[in-house]
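Enquirer: Have a look at this one.
The values are calculated or read from the model by the stated rules, or taken from the named source; none is laboratory data. Owing to the predicted nature of the structure, the values given are computational and were not obtained by experimental measurement. All Cβ positions, glycine included, derive from the backbone under ideal geometry; neighbour counts span all protein chains shown. Accessible surface is based on the protein model in full, side chains and every heavy atom, while ligands, DNA and RNA are left aside. Shrake-Rupley method; radii C 1.70, N 1.55, O 1.52, S 1.80 Å.
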Amino acid sequence: MNLYLRYFDKEILVNTVDDAISFLAGIDDIGMNPQLERDIRDYVRSDVYYPKRYKIRPRVYFIIIKTEAANMQDFKDKKALHANPAASSRERTVAPILAQLNEIRPGWYEGEVNFKRVLLVPGTGKFQYRDTNFVARCKAESGIDCYNRIIDYLSQHVDNRSQFPSAKGKNFRFEYLGLAIEQADNVI
């Protein structure tokens, strides 16, 4: 792994932390000290791959970026981007959720929506947002269809200034109940 360092128009791509520290020590504004050197060495040893920014004074920084680029041109052309393992695992977990949401599976669903409902405060005549949980069962073709039916129902029955969450977020959950349900509580 190599390190890209930049301070204003001074930049370098090095392959050792010692070269990076030598480069920074040659810049008078930075003021290399043992604490800064230790912090840079800790950053290079860590599994963190996002760029590290060090403040020199207000609105003045230098940056260090870990890269797999072999030379400066490859780095500039972004040919050796390091894949962030946290981001790729997040994509793996999000994809199945979206697939479940769009999966066509006709039948009964139970959907739960947490939304911000506009309510009148008695006595003051003012309105305020209140967190509201709404659970309903509906006949739908998919999870997204369940979401749309619940939001359509709520839009007709609550103040139009209420705020509804995204179907993809954590404030909407659904469960497929099957082709028939025994009890018809909270059916819309």
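Residue by residue, here is whether (1) out of contact with any Ser or Thr (no Cβ under 9 Å at 6 or more places or on another chain); (2) at positive phi; (3) at pLDDT 90 or above; (4) acidic (D, E) holds:
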residue	(1), (2), (3), (4)
L13	no, no, yes, no
D19	yes, no, yes, yes
L24	yes, no, yes, no
D29	yes, no, no, yes
P34	yes, no, yes, no
R41	yes, no, yes, no
D47	yes, no, no, yes
I56	yes, no, no, no
R59	yes, yes, no, no
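Enquirer: Same structure again: Applying the selection to the range 43-66, what residues are outside any loop (DSSP other than H, G, I, E, B) and open to solvent by 70 Å² or more (accessible area, probe 1.4 Å)? Talk me through it step by step, then tell me what you get.
Expert: First, the residues of the range 43-66 that are outside any loop (DSSP other than H, G, I, E, B): 43-45, 52-57, 60-66.
Once the filter is applied, which keeps residues that are outside any loop (DSSP other than H, G, I, E, B) and open to solvent by 70 Å² or more (accessible area, probe 1.4 Å), the range 43-66 yields R45, R53, K55, R57, Y61.
Enquirer: Hey, can you tell me all the residues within the range 1-42 that are in a loop (DSSP other than H, G, I, E, B) and of a type outside the set (A, V, I, L, M, F, W, C)? Steps first, answer last, please.
Expert: Here is the first cut: in the range 1-42, the residues in a loop (DSSP other than H, G, I, E, B) are 1, 8-9, 15-16, 26-33.
Matches in the range 1-42: D9, N15, T16, G26, D28, D29, G31, N33.
Enquirer: Given the structure, is V14 hydrophobic (A, V, I, L, M, F, W, C), open to solvent by less than 70 Å² (accessible area, probe 1.4 Å) and under 30 Å from the mean Cα position of the chain (by Cα)? Spell out the reasoning first.
Expert: Details: hydrophobic (A, V, I, L, M, F, W, C): yes; open to solvent by less than 70 Å² (accessible area, probe 1.4 Å): yes; under 30 Å from the mean Cα position of the chain (by Cα): no.
No, not satisfied.
Enquirer: Within the range 99-116, does at least one residue satisfy the condition of being assigned to a strand (DSSP E or B) and open to solvent by 60 Å² or more (accessible area, probe 1.4 Å)? Full working, then the answer.
Expert: Residues of the range 99-116 that are assigned to a strand (DSSP E or B), as a first pass: 107-116.
Those left that are additionally open to solvent by 60 Å² or more (accessible area, probe 1.4 Å): 116.
Taking every residue of the range 99-116 in turn, at least one turns out to be assigned to a strand (DSSP E or B) and open to solvent by 60 Å² or more (accessible area, probe 1.4 Å).
Enquirer: Additional query: Look through A80, A69 and report the one residue that is open to solvent by less than 50 Å² (accessible area, probe 1.4 Å), farther than 29 Å from C146 by Cα and at pLDDT below 70.
Expert: Working: A69 fails: at pLDDT below 70.
The match here is A80.
Enquirer: So which residues in the range 149-179 are part of a helix (DSSP H, G or I) and open to solvent by 70 Å² or more (accessible area, probe 1.4 Å), if there are any at all? Quick ask: steps written out before the conclusion?
Expert: Of the residues in the range 149-179, the ones part of a helix (DSSP H, G or I) are 149-157.
Residues satisfying the conditions are R149, D152, Y153, Q156, H157.
Enquirer: While we're on this one: Going through the range 131-144 one residue at a time, which ones are outside any strand (DSSP E or B) and either free of Cβ contacts under 8 Å to residues at least 24 places away in the same chain or open to solvent by less than 30 Å² (accessible area, probe 1.4 Å) (or both)? Give the steps one after another, and end with the answer.
Expert: Filtering the range 131-144 for residues outside any strand (DSSP E or B) gives 141-144.
S142, G143 - these are the residues of the range 131-144 that are outside any strand (DSSP E or B) and either free of Cβ contacts under 8 Å to residues at least 24 places away in the same chain or open to solvent by less than 30 Å² (accessible area, probe 1.4 Å) (or both).
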